[in-house]
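In what follows, a structure is listed as structure tokens, so that the remarks can point back to it.
The values are calculated or read from the model by the stated rules, or taken from the named source; none is laboratory data. Note that the structure is predicted; figures quoted are calculated from it, not measured. Positions of Cβ are generated from backbone atoms using ideal geometry, with glycine treated the same way; all protein chains shown enter the neighbour counts.
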Amino acid sequence: PRKIIIDTDPGQDDAVAILLALASPEEIDVLGITCVAGNVPLDLTSKNARIVCELAGHRDIKVFAGCDRPLGRDLVTAEHVHGKTGLDGPDLPDPTMPLTEGHGVDFIIEQVRAHPAGSVTLCPLGPLTNIATALQKAPDIAEKVQEIVLMGGGYFEGGNITPTAEFNIYVDPHAADIVFKSGIPIVVMPLDVTHKALVTKPRNDAFRALGTPVGVAVAEMTDFFERFDKEKYGSEGAPLHDPCVTAYLINPDLFKGRHINVEIETQSELTMGMTVADWWGVTDRAPNAVFVGDLDADGFFALLTERLARL
Ligand code: BDR
Ligand code: CA
């Protein structure tokens, strides 16, 4: 299995991404989970990550608190999407498992150094603050990371927090800039693809029909999560942004993208955090990321439902 560190700000869709990873030990070995401030402040994201591990029956997973604010800007949160707790919807018990001692950034550095070069994949599902801080603190890890598979950005689809910026990149564009310039192979799941991973009514029913605590909780989370997109875009079903990352690790053939140049806007207030993606190859800037644009949505939901049934 691929060794990964999940860097996250749960978030209902983060929660589903974590559940999918924990349900797939043959393909994915979760070394640990590092939490970051994003959808809600760090105290809540680091609590929510443990709620999710316990829901999955995985009290053994190491969960760390990481950075509590972006590198150079004030924290912007998204309670308008995820609710006050960040995980509104199901009524889940407070976690009893403690946070693992130490800082998430130090865990990332130590794990990448401890494993053979090219064998640890980082999976950021929130603002890139922890990853960028690790790269700043320990530049040597850049050539040792196997790949970064992240959810963030958008191009043809525009933004979801400003007209041009997606939330994760907007919250910490300076961190994103560091990551995209790091030279590490990157796979990006932008809004262009995650807005195709919609939890329609039959897909939500399939989660609930699992009849397990996990199935019901996921149905309730995606029910809650849907409200925002329905009101905002009139779209049917919650977009499962972050699970695209863990699904990609299990079956990359579900996704289609292009290896292109992606730069992050960090100057203009108007377009701050925009992922400027050279989809058509109109510059001579070197490709630095696989920008995913399409997925087999039915295959994605079949995989997700089948895996959630295992928990
Ligand atoms: C991203 O922002 C968060 O609200 C979601 O968890 C996802 O990671 C989508 O823009
Ligand atoms: Ca997230």
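Here are the numbers:
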quantity: Filter result (within 13 Å of Gly152 (Cβ to Cβ) and not β-branched (Val, Ile, Thr)) within the range 266-287; calculated: Gly273, Met274, Ala277
quantity: Inter-residue pairs, beta-carbon under 9 Å, first at pLDDT 95 or above and in the range 55-80, second part of a helix (DSSP H, G or I) and among the basic types (Lys, Arg), 6+ apart; calculated: Arg59/Arg50; Ile61/Arg50; Val63/Arg50
quantity: Elements of type strands (runs of 3 or more DSSP E) contained in the range 219-311, each with 1 or more residues being of a type in the set (D, E, K, R); calculated: 255-260, 262-264, 289-295
quantity: In the range 134-166, residue nearest to ligand 1 (Cβ to nearest atom) [restricted to those that are among the charged types (D, E, K, R) and more than 17 Å from the chain's Cα centre (by Cα)]; calculated: Glu157
quantity: Unique residue being in contact with a Pro (Cβ under 9 Å, 6 or more places away or on another chain) and of a type outside the set (A, V, I, L, M, F, W, C) when the list is Thr129, Thr162, Thr100; calculated: Thr129
quantity: Criterion: more than 16 Å from ligand 1 (Cβ to nearest atom) and assigned to a loop (DSSP other than H, G, I, E, B) - qualifying residue of Gly57, Gly32, Gly38; calculated: Gly57
quantity: Residue within the range 10-20 that is of a type in the set (D, E, K, R), near ligand 2 (Cβ under 9 Å from one of its atoms) and touching a strand residue (DSSP E or B) at 6+ places or on another chain (Cβ under 6 Å) present; calculated: yes
quantity: Residue within the range 85-96 that is out of contact with any Phe, Trp or Tyr (no Cβ under 6 Å at 6 or more places or on another chain) and within 21 Å of Val149 (Cα to Cα) present; calculated: no
quantity: Number of the exception - Asp14 against (1) of a type outside the set (S, T, N, Q); (2) assigned to a loop (DSSP other than H, G, I, E, B); (3) within 26 Å of Thr266 (Cβ to Cβ); calculated: (2)
quantity: Residue in the range 105-158 that is surrounded by the fewest Cβ atoms within 10 Å (Cβ to Cβ), counting only those that are part of a loop (DSSP other than H, G, I, E, B) and within 16 Å of ligand 2 (Cβ to nearest atom); calculated: Gly154
quantity: Scan of the range 32-46 for residues that are more than 10 Å from ligand 2 (Cβ to nearest atom) and buried (at least 21 other Cβ atoms within 10 Å of the Cβ), ordered by number; calculated: Ile33, Thr34, Cys35, Ala37, Val40, Leu44, Ser46
quantity: Pairs, first at positive phi in the range 1-23, second at pLDDT below 95 and within 15 Å of ligand 2 (Cβ to nearest atom), C-beta under 7 Å, six or more apart; calculated: Gly11/His82
quantity: Meets criteria (of a type in the set (Ser, Thr, Tyr), within 22 Å of Leu55 (Cα to Cα) and within 14 Å of ligand 1 (Cβ to nearest atom)) for Thr85; calculated: yes
quantity: Matching residues in the range 179-211 - criterion: being closer than 20 Å to Thr121 by Cβ and out of contact with any Cys (no Cβ under 8 Å at 6 or more places or on another chain); calculated: Val179, Phe180, Lys181, Ser182, Gly183, Ile184, Pro185, Ile186, Val187, Val188, Pro190
quantity: Failed item in (1) crowded, with 18+ Cβ neighbours inside 10 Å; (2) at pLDDT 95 or above, with Phe225 passing the rest; calculated: (2)
quantity: Any hit, the range 3-21, residues being within 12 Å of ligand 1 (Cβ to nearest atom), surrounded by fewer than 24 Cβ atoms within 10 Å (Cβ to Cβ) and within 21 Å of Val245 (Cα to Cα); calculated: no
